[in-house]
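The values are calculated or read from the model by the stated rules, or taken from the named source; none is laboratory data. Keep in mind that what you see is a predicted model, and the values were worked out from it rather than measured. No Cβ is skipped: glycine too gets one built from the backbone with ideal geometry, and neighbour counts run over all protein chains shown.
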Amino acid sequence: MSSLERFPLRSGVSTVVRREQLTPRMLRLTLTAPDFGPDWPIRQPGEIITLLFIPQGEPIVLPVVGWRFPGGAPTQEWRNYTVRAHRPVPAEIDVDVLLHEPRGPACTWAAAAQVGDEVGYAGPRIDFAPEPDAGWTVLCGDETALPAIAAILETTPDGQPVQALVEVDGPTDEVPLALRDGQRLDWVHRSGEPAGATDVLAAALRRIELPEGVGQAWGAAESKIARDLREVLRDELGMPKSHARARGYWLRSGEWDLSE
Ligand SMILES: Cc1cc2nc3c(=O)[nH]c(=O)nc-3n(C[C@H](O)[C@H](O)[C@H](O)COP(=O)(O)OP(=O)(O)OC[C@H]3O[C@@H](n4cnc5c(N)ncnc54)[C@H](O)[C@@H]3O)c2cc1C
């Protein structure tokens with residue numbers, strides 16, 4: 001998205017049409033709205049959609065212009081999610097929601113969501129953008145980055161080497177993904193340690209061997225972990241800042257926000 005574009009591109013109210021438990025803690029919600037048809041402006045894999053979570057049954061108040069809300073609007077709980085898949089016909093998107101502990105408004109709402117429930121949306125916005133000169137790709141992140149990593153894996157050029165590292169608690173949290181030639185996915189387990197509080201992902205990233213030539217790396221995780229990933233990519237693996245990005249996707253309670 002150009003920085004001159006006004007956010008949100010679109011906003012409206014979508015309806016839950018399916019729910020599927022991918023793992024005990026990962027829930028796929030399929031949402032539909034007329035906006036999600038063929039002219040929904042998705043341009044890159046893993047684009048961001050901002051969803052409004054309010055207790056089921058309460059009125060959904062959308063921004064009227066830019067990101068301004070009508071006066072007197074009730075408290076708004078907007079959270080960012082990833083468009084895991086977009087099907088222009090029949091105007092659907094999939095959103096994979098991690099049901100984390102402690103729960104916040106988003107995963108509390110999602111856990112209780114039923115077919116027919118309504119959720120406000122705003123977006124989409126680009127997060128990952130392929131670098132035209134990159135001959136290989138490294139992807140790394142925790143469960144919240146998994147939907148984007150899965151979407152990116154589906155769209156890299158055929159035969160391009162891709163190394164993905166995904167941190168989950170253990171084997172029951174692994175979501176099977178179809179890999180193509182040249183793609184490799186390694187699961188990194190934190191084995192009962194709290195999410196966002198270990199260095200297992202940064203340590204796994206430190207151990208990979210980068211291919212020759214120009215490549216690109218993208219990652220997302222808890223804010224402080226994302227900072228560690230950036231340091232490994234740029235300072236230890238020697239990747240230029242322009243081609244090595246890792247974003248804070250959530251903030252562990254009590255931590256400073258270090259998202260980039
Ligand atoms: C661009 C972008 C894309 C994202 N895409 C996805 C996605 O596709 N799927 C997805 O599940 N998440 C995604 N996230 C992360 C999601 O927005 C956050 O996890 C968000 O905090 C969840 O909101 P909540 O209301 O459930 O919890 P909050 O009210 O924000 O937080 C409540 C408590 O939960 C803790 N918490 C928040 N997230 C986690 C977590 N992952 N693990 C453990 N504890 C946590 C917080 O530290 C806090 O203590 C994305 C974030 C960004 C910025």
With the requirement that a residue be more than 10 Å from the ligand (Cβ to nearest atom) and of a type in the set (S, T, N, Q), what does region 108-137 give you? 114, 137
Looking at 165, 210, can you tell me which residue is closer than 27 Å to residue 129 by Cβ and in contact with a Cys (Cβ under 6 Å, 6 or more places away or on another chain)? 165
Here the residues within region 47-99 that are farther than 19 Å from residue 35 by Cα and aliphatic (A, V, I, L, M) are 54, 73, 97, 98, 99
Residue 54 touching a helix residue (DSSP H, G or I) at 6+ places or on another chain (Cβ under 9 Å) and within 12 Å of the ligand (Cβ to nearest atom): yes
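Yes/no matrix, rows are residues, columns are (1) assigned by TED's automatic domain parsing to the domain that holds residue 33; (2) within 9 Å of the ligand (Cβ to nearest atom); (3) not in a loop (DSSP other than H, G, I, E, B):
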{"site": "86", "(1), (2), (3)": "yes, no, yes"}
{"site": "90", "(1), (2), (3)": "yes, no, no"}
{"site": "97", "(1), (2), (3)": "yes, yes, yes"}
{"site": "100", "(1), (2), (3)": "yes, yes, no"}
{"site": "106", "(1), (2), (3)": "yes, yes, yes"}
Working only within region 241-260, note down all residues that are at pLDDT below 60 and either away from the ligand (no atom under 12 Å from the Cβ) or of a type in the set (A, V, I, L, M) (or both). 256, 258
Considering only region 60-76, state which residues are under 17 Å from residue 12 (Cβ atoms) and of a type outside the set (S, T, N, Q). 60, 61, 62, 63, 64, 65, 66, 67, 68, 69, 70, 73
Filter result (closer than 26 Å to residue 18 by Cβ and surrounded by fewer than 18 Cβ atoms within 10 Å (Cβ to Cβ)) within region 127-160: 154, 155
Criterion (more than 20 Å from residue 104 (Cα to Cα), surrounded by fewer than 17 Cβ atoms within 10 Å (Cβ to Cβ) and not assigned by TED's automatic domain parsing to the domain that holds residue 25) met by exactly one of 194, 176: 176
Looking at residue 61 and the list (1) surrounded by 13 or more Cβ atoms within 10 Å (Cβ to Cβ); (2) modelled with pLDDT of 90 or more, which single condition is not satisfied? (2)
Of all residues in region 207-230 being surrounded by fewer than 24 Cβ atoms within 10 Å (Cβ to Cβ) and closer than 15 Å to residue 197 by Cβ, the one that is nearest to the ligand (Cβ to nearest atom): 223
